[in-house]
Amino acid sequence: MKQIVVIPGDGIGREITDAAILVLKKAAAKHNIELAFSEYDAGGAAIDKFGEPLPQATIDAAKAADAVLLGAVGGPKWDSVAPHLRPERAILGLRKALGLFANLRPISVPASLAEYSPLKPELVSGADILIVRELTGGIYFGEKFEAQEVDGVMTAWDKEYYTRPEIERIVELACQAAQKRKGKVTSVDKSNVLASSRLWRKTAHEVAEKYPDVELGDMYVDNAAMQLASNPKGFDVLVTSNLFGDILSDEAAVIGGSIGMMPSASMGKGTGLYEPIHGSAPDIAGMGIANPVGTILSAAMMLRYSLDENEAAETIEQAVEAVLADGYRTADLYREGMKKASTMEMAEAIAAKI
Ligand code: NAD
């Protein structure tokens, strides 16, 4: 029996996690996987109940679980709380408590959704990229020097800092993910300028030698930004540092056309955390119209990466594609002539394809 901790969170969080659980249960039944779900609080919901965004009970349950499925946290109700109590602290706290050093964001554009992309449909149709971003190192966590006067000039700096083990483990993970895909990894750096990038590139190649079935290529980050917009189908797995990954993963998310469709996984040595990339969408919370697909595809990633149930993951992904091809759309993607679906109707249509 696999233990899944569900954290609905705030805003549309409950609606989208309910939808994902409905689909997960159907896929689990089909593939004879036993799942047990237990619900915990985090974010604004936890602040209201316990006075803190990430209660110890949630951390303990997450650590003991096989995987965590999270909706989203935050909302205007908690915008004025003290910084250390903000709902978003729950995500950072969970990443830290679970030692999540890798963020995985797949961006795939099925033909049925290519018209929603800001890029030309023929450029994006069929694109299928997995961005693997280092999550706990680099400049965001390096030493900082807050702005102050040095020799009469206001000065500030942040240190980009990587160790070999940090690079090794993220490139290993990218290579292993590529083995389950098309076998191609693009390592993105700025090694023509940065010392940390030169260590990154050297280490990436040493790691890749252990994966003869994986083809490793390098790309400078400026070129990668251009290639994502001009030739997204040229990528399979893209692996990069925390800073570059933050920027490139948001650029790549836009290619897909809708924030409601995008899943993510954060992984470390233990429990993985699975959540859509969007926030709690307070503007549509409680209306039953949120797009649940990002959360449903996050649940598919959970099956693949934390439960090693690749076939069940594919079942869900194919069901999503089939329902989109049938013309089902939630309000965010609805256009004349399509079949308009509420959050739960979308989930039910997907479950019916399983
Ligand atoms: P958001 O992603 O919540 O919403 C941006 C826009 O996209 C809104 O118009 C929203 O209605 C729409 N949208 C988002 N998800 C959708 C879905 N599944 N279906 C249909 N439409 C969807 O970003 P925001 O408005 O900047 O932030 C709202 C709150 O969420 C803030 O408190 C923010 O801090 C928080 N947030 C949380 C996370 C997280 O939990 N990981 C991530 C980002 C933002």
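Summary of computed values
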| read-out | value |
| --- | --- |
| The chain, relative contact order [Cα under 8 Å, separation at least 6], % | 23 |
| Most mobile of Gly138, Gly272, Gly286 in a GNM of the chain (Cα contacts under 10 Å) | Gly286 |
| Segment 129-184: C-alpha gyration tensor shape, a/c 1.5 cut-off, then a/b vs b/c | prolate |
| Above-threshold pairs, the threshold being 25 Å between Cα atoms, out of Lys2/Lys96; Lys2/Lys269; Lys25/Lys182; Lys2/Lys30 | Lys25/Lys182 |
| Contact order normalised by residue count of segment 230-354, Cα under 8 Å, 6+ apart, percent | 20 |
| Solvent-accessible area per residue for segment 22-92 (1.4 angstrom probe, square angstrom) | 49 |
| Label-point separation, Asp326 to Glu115 (7 Å along Cα→Cβ), nm | 1.9 |
| Shape of segment 88-197, Cα gyration tensor, a/c cut at 1.5 | prolate |
| Which of Leu135, Ala174, Ala253, positive extreme of dipole for segment 118-255 (C-beta unit charges) | Ala174 |
| Expected 222 nm ellipticity per residue - DSSP helices of 4 or more, -39500 (n - 2.57), all of the chain, to 500 | -12500 deg cm²/dmol |
| Whole-Hz ³J(HN,Hα) from phi, Karplus 6.51 cos²θ - 1.76 cosθ + 1.60, for segment 188-205, glycine and proline x | 9, 8, 9, 6, 6, 10, 9, 5, 4, 5, 5, 5, 4, 5, 4, 5, 4, 5 |
| Net +/- balance of residues flanking Leu324 in space, Cβ distance below 14 Å, scoring K and R +1, D and E -1 | -1 |
| Cα-based reach from Lys202 at 19 Å (exclusive), listing lysines while leaving out same-chain residues under 8 positions away | Lys184, Lys190, Lys210 |
| Surrounding net charge for Asp48, when Lys and Arg each add one and Asp and Glu each subtract one, Cβ distance under 10 Å | 0 |
| Candidates Pro118, Pro76, Pro263: whichever shows maximal mean-square fluctuation once the chain is modelled as a Gaussian network with Cα springs under 10 Å | Pro76 |
| Solvent-accessible area per residue, Å², over segment 118-255 with all protein chains present [probe radius 1.4 Å] | 49 |
| Residues whose placed amide H lies under 5 Å from that of Ile129, excluding near-sequence neighbours | Ile107, Ser108 |
| Rounded if a/c under 1.5, otherwise prolate or oblate - segment 118-255, Cα gyration tensor axes | oblate |
| GluC sites (Glu not before Pro) restricted to segment 94-197 and DSSP loop, no more than 10 other C-beta within 10 Å | Glu143 |
| Under 5 Å, built H, 5+ apart or other chain: amide partners of Gly272 | Val68 |
| Euclidean distance of C-alpha centroids, segment 324-339 and segment 62-95, integer Å | 32 |
| Euclidean distance of C-alpha centroids, segment 6-35 and segment 260-305, integer Å | 10 |
| Most fluctuating residue given options Trp78, Trp200, Trp157, as computed from a GNM of the chain linking Cα atoms under 10 Å | Trp157 |
| Estimated distance in nm for a label pair at Ala352 and Asp250, the labels positioned 7 Å out from Cα along Cα-to-Cβ | 3.9 |
| Charge tally in the Cβ shell below 10 Å around Ser108, where Lys, Arg are +1 and Asp, Glu are -1, Ser108 excluded | -3 |
| Accessible area of the chain belonging to carbon and sulfur atoms, whole % at 1.4 Å probe | 52 |
| Cross-link reach list, aspartates and glutamates versus Lys49, counting only Cα pairs under 18 Å and skipping chain neighbours closer than eight places | Asp10, Glu39, Asp41, Asp60, Asp79, Glu88 |
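The values are calculated or read from the model by the stated rules, or taken from the named source; none is laboratory data. Just so it is clear, the structure is predicted and the values come from calculations on it, not from any experiment. Every residue, glycine among them, receives a Cβ derived from its backbone with ideal geometry; neighbour counts consider all protein chains shown. The protein model used for the area step is the full one, side chains on, heavy atoms only, and it has no ligands, DNA or RNA in it. Shrake-Rupley method; radii C 1.70, N 1.55, O 1.52, S 1.80 Å.
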